[in-house]
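Working notes for the structure below.
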Protein chains: 2
Amino acid sequence: MCDDTGKSYPLPSVRRMPMYLQYLKQVRERGRCCVSCTHIAEHLHLNSIQVRKDLAMTGIVGRPKTGYEVEPLIEAVEEFLGWNNTHDAFLVGVGSLGRALLGYEGFHEYGLEIIAGFEKAVDKIGQTIHGKEILDIETLPGLARRMHVQIGILTVPAQAAQEVTDLMVGAGIRAIWNYTPVQLDVPPAVVVEDVRMAASFAVLSLRLTELVKCEKSPVGPSVD
Amino acid sequence: MCDDTGKSYPLPSVRRMPMYLQYLKQVRERGRCCVSCTHIAEHLHLNSIQVRKDLAMTGIVGRPKTGYEVEPLIEAVEEFLGWNNTHDAFLVGVGSLGRALLGYEGFHEYGLEIIAGFEKAVDKIGQTIHGKEILDIETLPGLARRMHVQIGILTVPAQAAQEVTDLMVGAGIRAIWNYTPVQLDVPPAVVVEDVRMAASFAVLSLRLTELVKCEKSPVGPSVD
C-alpha cells in the first residue's frame, strides 16, 4: 500500500463486497430505496456490526432509522472496487476453461471485459470464440502496450504458467487473475489473485469424504 | 468432524494439497522417483516445515536423505482428498458458466465427473452440451436418489440459488459446489464450498486500483 494513504483493507471484507452488491441490486429491483444494516446482515447470514464496518470502507454510513439509501450505496461499492470503470483484459490459454471464460457473461457485472484470447497453438489462432478473436501469443506484448491492457487472465496448462506470466509482466500487465494451480513468481509492482478451483474442490471432497466416513463409523455422526 | 477420529484438518493445508499433487505429477513425468521436502518447498515458494506438516496429513513421512518416494506420495495425496474415487456430480444451471464447466476437462484430475446438466428453461432441456445431456430440473430428485449422486454444482442465477439448493438437499445431495455469489442456507449434514469468482476479482481489481493510485500520487509508490 502506498505512503500517502497508508490504507489497507481486510481481505475478508473486500471479498464480501460482491455479495453486498448482488443483494443491493436485488433490493433495488424490488423497487425499494432504503435498506437497513440489520436487514442486509440477516439476509446474508452475517453479523450486523461486521456489515456496518464493511460498508463503511466505501465511505457510506447508514442513518439511524432509514438505514442505507440503496442507489448511492451500490454506486459507492462499485466505485470502491473499481467496477464502475471498464477493465480490459487479455486471456491467455484457450483450452476448455479459457474458452469457457471467454463466453462467461457474468464478468460484465464486474466491469471486466475480455477483449481477446491468446494462444500458442497454430490451429486455434485466427478463430473467433464467443465473439472474441484468438491471437498469436507473440503479439501480446505489443498489443498490451498499445492498448494499455493491465489485466491478464491466465488459463494455460500448469507447465506454461510461469513462462506466460513472465511474458505478461514484460508486456506491462499489472494484475494477473490466475486460474492455474501454480504459485506464480512476480515482481512487487504486479498483483496476482489465484482462483484455485482445485483447492476449492479439495476442501469440498475432503469434507464430503469425512461426512460419509463419520456416518458409516460405529460411533455415528456427532451431534452439532 | 466425527467422534471416533476427532480429526480436523487446517483449511489452508487442505487447499495446498492440489498444488503438491500437480507438482508431484510434474516430477513423476520427468522420471524421478524421489523428491525432497526442501525441493518441493523451494519450487512452490513455501516453508519446508509447512510442507512436511501438510504432507504428513496423508500419513506419508519423508526419509532423511532420499525424501519422499513420488509415486506412493501421489497416491496418498489422492486418497487423502478422495480423488482416487470418481465423484459423480450433477450441475444445475446451464447458462454461460454452467456450459463452460460442463466442458472443462480439468475436472477429471480431481476425480470429478459431471454426469448431467439440469435446467428449468424449456429450450435448453434435451440439448447435449459437451457430450452431456441437459435434463429437466424436475427430474433431478429422482435421478439423484437412484444414481446416488452426492455432489451438486450450482451455476444458476443468484435469485434461484437458495431454491435450487433446497431442491438438491431434498434430493439427498450432500455436497454443494457453489459458483453463485449467494450465501447458502443448508442443514448441518450438507457441506457447501463457495468458489466466489466475484470475490476473487474484487480483490484483484481493488489491488490494481490501489497500485495505480499509489503510482499517480505525488509521494509515489512505497518501497517494499
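What follows is calculated from the coordinates using simple rules that are stated; it is not laboratory data. Predicted model, so just to flag it, every value in this text is computed and none were measured. In this analysis, Cβ positions are derived from the backbone assuming ideal geometry, glycine residues included, and neighbour counts consider all displayed protein chains.
Ordering A:N85, A:Q127, A:T139 by Cα displacement along the dipole of chain A toward the positive end leaves A:N85 in first place; charges were set at the Cβ atoms of Lys, Arg (+1) and Asp, Glu (-1). Shielding value for B:95-106 is 6, the average number of Cβ atoms from other chains within 10 Å of each residue's Cβ. Percent of Cα-Cα pairs more than 21 Å apart in segment A:87-199, please. Tail of P(r) above 21 Å: 28 percent of Cα pairs. Angle of helix B:70-81 to the longest C-alpha principal axis of chain B, folded into 0 to 90 degrees and rounded to 10: 40°. Sorted fewest first by neighbouring Cβ atoms within 10 angstrom, A:T155, B:T86 come out as B:T86, A:T155. In nanometers and ordered shortest first, the copy-to-copy spacing of the A:G170 label point, defined 7 Å from Cα toward Cβ, is 5.8.
For a test of the definition: using alpha carbon positions, the gyration tensor, and the 1.5 limit on a/c, classify the protein assembly as shown as rounded, prolate or oblate. Verdict is rounded for the protein assembly as shown. For peptide B:14-21, the mean count of partner chain Cβ atoms within 10 Å of a residue's Cβ comes to 6. Per residue of A:189-197, other chain Cβ atoms within 10 Å of the residue Cβ number 6 on average.
Rounded to the nearest 10 degrees, what's the angle between the helix A:161-170 long axis and the longest principal axis of chain A, both from Cα atoms, 0 to 90? For A:161-170 against chain A, the angle is about 80 degrees.
What fraction of the DSSP beta bridges in chain A is antiparallel, stated in percent and rounded to the nearest 5? Provide the component values of the computation, followed by the final result.
On the way: 5 of 26 bridges.
The antiparallel fraction comes to roughly 20 percent.
The C-alpha atoms of chain B define a longest principal axis, and helix B:197-216 lies at about 50 degrees to it. Under the simplified labelling scheme, the A:K216-A:N85 pair shows an inter-label distance of 5.5 nm, with each label point 7 Å from Cα along Cα→Cβ. Sequentially through segment A:140-145, phi angles give Karplus couplings (6.51, -1.76, 1.60; θ = phi - 60°) of 4, x, x, 5, 4, 5 Hz, Gly and Pro residues having no value and appearing as x. When chain A is treated as a GNM with alpha-carbon contacts under 10 Å, the residue of A:Y179, A:Y23, A:Y110 showing the greatest mean-square fluctuation is A:Y23.
The distance separating the Cα centre of segment B:15-73 from that of segment A:105-166 comes to 32 Å. Label-point distances for B:A121 to the equivalent site in the other copies, using a point 7 angstrom along Cα→C-beta, read 2.6 nm when ranked shortest first. Take segment A:11-81, drop everything but the C-alpha atoms, weight them equally and run the Debye formula without solvent; then report log10 I(q)/I(0) at 0.12, 0.13, 0.19, 0.27 Å⁻¹ to two decimals. For segment A:11-81, the Cα-only Debye profile gives -0.25, -0.29, -0.66, -1.50. Using a Gaussian network for chain B with springs between C-alpha atoms less than 10 Å apart, which of these wobbles most: B:L143, B:L154, B:L101? Of B:L143, B:L154, B:L101, the Gaussian network model singles out B:L143 as fluctuating most.
Take every DSSP beta bridge whose two residues both sit in segment A:87-199, then give the antiparallel share in percent to the nearest 5. Write out the running numbers ahead of the final one.
Values: 2 of 23 bridges.
Here the share of antiparallel DSSP bridges comes out near 10 percent.
Taking the number of Cβ atoms within 10 Å of each Cβ as an exposure proxy, the fewest-first ranking of A:R16, B:R15 is B:R15, A:R16. DSSP beta bridges confined to the protein assembly as shown are antiparallel in about 20 percent of cases. Here's the list of aspartates and glutamates a cross-link from A:K120 could span, going by alpha-carbon distance under 13 Å and ignoring same-chain residues fewer than 8 apart: A:D136, A:E138, A:E163.
Starting from the coordinates of the alpha-carbon atoms of segment A:1-150, obtain the Kirkwood hydrodynamic radius over all distinct pairs and give the value in Å to one decimal.
On the way: mean 1/r = 0.0559 Å⁻¹.
About 17.9 Å, per the Kirkwood formula over Cα pairs.
Chain B residue nearest the axis that carries B onto A, by Cβ, with distance in whole Å, is B:A100, 1.
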